[in-house]
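*Asks:* Could you have a look at this structure, given as structure tokens, before my questions?
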Amino acid sequence: MAFKLAHILSTSGLQPAPLVPWPVRPELIVKDGTDSQASGLDGGEPDGMAAQTARRTRIWEFGTNLHCSIIGTCLSTAELRQVLDKLKMSGAAIASDHELHSVGVMLAGRREGGAKFLQKALDRRHRSAIARCARAKKTADLLALWEESLKQGDIPGAYWAVLTHPVTTETVVKRVFGDVHMLSHLVGAANRADIRRLRQLEQENAALLIKIERQQRQLRDGFAVRDQSIRRLNEMLARQDNEQPDQSDLAEKSDDIETADNLIRDLQRRLAREIVRGDRMERRFNEASASSRAKDRTLQRLKEELEATRHELALVESHLDEVVAQPRPAPEVVLNLSGITLLYVGGRANQIPRLKALVERAGARFLHHDGGLEQNAGLLPNLVSRADHVTFPVDCVSHDAVLTIKRLCRQTGRSYQPLRSASLACLLSVLPAISRPSSERVTPT
């Protein structure tokens, strides 16, 4: 499919933009003939006529070495597919994510061959970030806004706004490109660590199962030998009880009787040893079985946590930009919490402003109580009665606060939702369920 789309581009007669390290625009040439954009590498303001005529950089004016990071970071797959549909490219609807990305990178350098559509899509999606960065008049102010966006996790919009800002210099481009590049390495390393730990546990579990099977086989063999020895002893005792000894044969059989007695004593000693060994093997088998079950539970828990993390990351990618970054909810936003009051109990103090911004951007009212650390626990009944839904992170709230919340929610008929952690992504993962009509929500027991 990628070859088909690429063939359409190659036969259209359009030529890619030339590979340049940083766009040079004619309107940024000052009267003395020097490039005002190049003179701004030290972080100063553009001056005179250049400051008045400065404009944002277009995507086709960038070198092709930046197109890959712009398309991959600032546009989602669905938005890129919509652009290709507008260009009426056959096969765009069923192309893979990598094929769409490859075609988008090729289009970015062709002004008349689709780059204008990409420019409009990027400006429309990140208009709030562009407006926020427009206040920066110096490269130092622009870098400060970039650092703030990094801390808040608003990477795509800030990346596009900083790259296209009129005062952006080559130094700024290298800085933000390096930050985005290293963030991609960090995300990939975290996923690889989880997968490596999961595979290690699976290998340990397989080795333990083989060891248990070998021990069970040894136990069965030991029990079979013991039962066979017992049968032989019982048969010898039965023969001695049934046979009446003849006085004439006593002398001849005395050696046989003594040999039999010695054999019986030896077998009894071996039987005692086998019984002790069997008991020891049974204890080791029980311990190994318990350890195997514990490892199975740990493996299952890690798998569930990995799936939950992947689900939360997917939700962050699809909703976080629209819910947090935009000044008002867009029509396409899935979350709709209008008229809902959400009470958040516990959590970390430095994360509360971000959680509040997330909830309020979705249209809900946000209430918070720290769970009794500094605020009075007696405020909880009033807050619960005012809220439509209550959430609390189980890793950052006291047991007394959790018991109080559950008791108050049962009394008032409010729904509550325990969160796996105090992270922003974990709260975002439960907001779609809260956004459903109240008749569809279920209160946990």
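The values are calculated or read from the model by the stated rules, or taken from the named source; none is laboratory data. Bear in mind that the values here come from a model prediction, so they are computed numbers and not experimental data. Cβ atoms come from the backbone with ideal geometry, glycine included; neighbour counts cover every protein chain shown.
*Asks:* Quick one: in region 128-160, which of the residues that are farther than 22 Å from ILE352 by Cα and charged (D, E, K, R) is surrounded by the most Cβ atoms within 10 Å (Cβ to Cβ)?
*Replies:* Within region 128-160, the match that is surrounded by the most Cβ atoms within 10 Å (Cβ to Cβ) is ARG132.
*Asks:* Test ASP123 against the criterion of being among the acidic types (Asp, Glu), modelled with pLDDT of 85 or more and either surrounded by 21 or more Cβ atoms within 10 Å (Cβ to Cβ) or within 26 Å of LYS174 (Cα to Cα) (or both), and give yes or no.
*Replies:* Yes.
*Asks:* If you don't mind, there's one more thing I want to ask. Could you run through region 88-98 and say how many residues are surrounded by fewer than 17 Cβ atoms within 10 Å (Cβ to Cβ) and either within 27 Å of HIS181 (Cα to Cα) or at pLDDT 85 or above (or both)?
*Replies:* Of the residues in that region, 3 qualify.
*Asks:* Right, another one. Just for strands (runs of 3 or more DSSP E) wholly inside region 342-445: which have at least 1 residues that are under 27 Å from the mean Cα position of the chain (by Cα) and within 26 Å of GLU305 (Cα to Cα)?
*Replies:* Correct list: 389-393, 415-419.
*Asks:* For the structure I just gave you, tell me whether VAL105 is over 26 Å from GLN351 (Cβ atoms), part of a helix (DSSP H, G or I) and at pLDDT 85 or above.
*Replies:* It is true that VAL105 is over 26 Å from GLN351 (Cβ atoms), part of a helix (DSSP H, G or I) and at pLDDT 85 or above.
*Asks:* Condition first: surrounded by fewer than 20 Cβ atoms within 10 Å (Cβ to Cβ) and over 18 Å from PRO353 (Cβ atoms). Now tell me which residues in region 388-403 satisfy that.
*Replies:* Passing the criteria: ASP388, VAL394, ASP395, SER398, HIS399, ASP400, ALA401, VAL402, LEU403.
*Asks:* Does at least one position in region 289-303 carry a residue that is at pLDDT below 80 and β-branched (Val, Ile, Thr)?
*Replies:* The answer is no; no qualifying residue exists.
*Asks:* Criterion first (within 29 Å of the chain's Cα centre (by Cα), at pLDDT below 85 and of a type in the set (Val, Ile, Thr)) does VAL187 satisfy it?
*Replies:* yes
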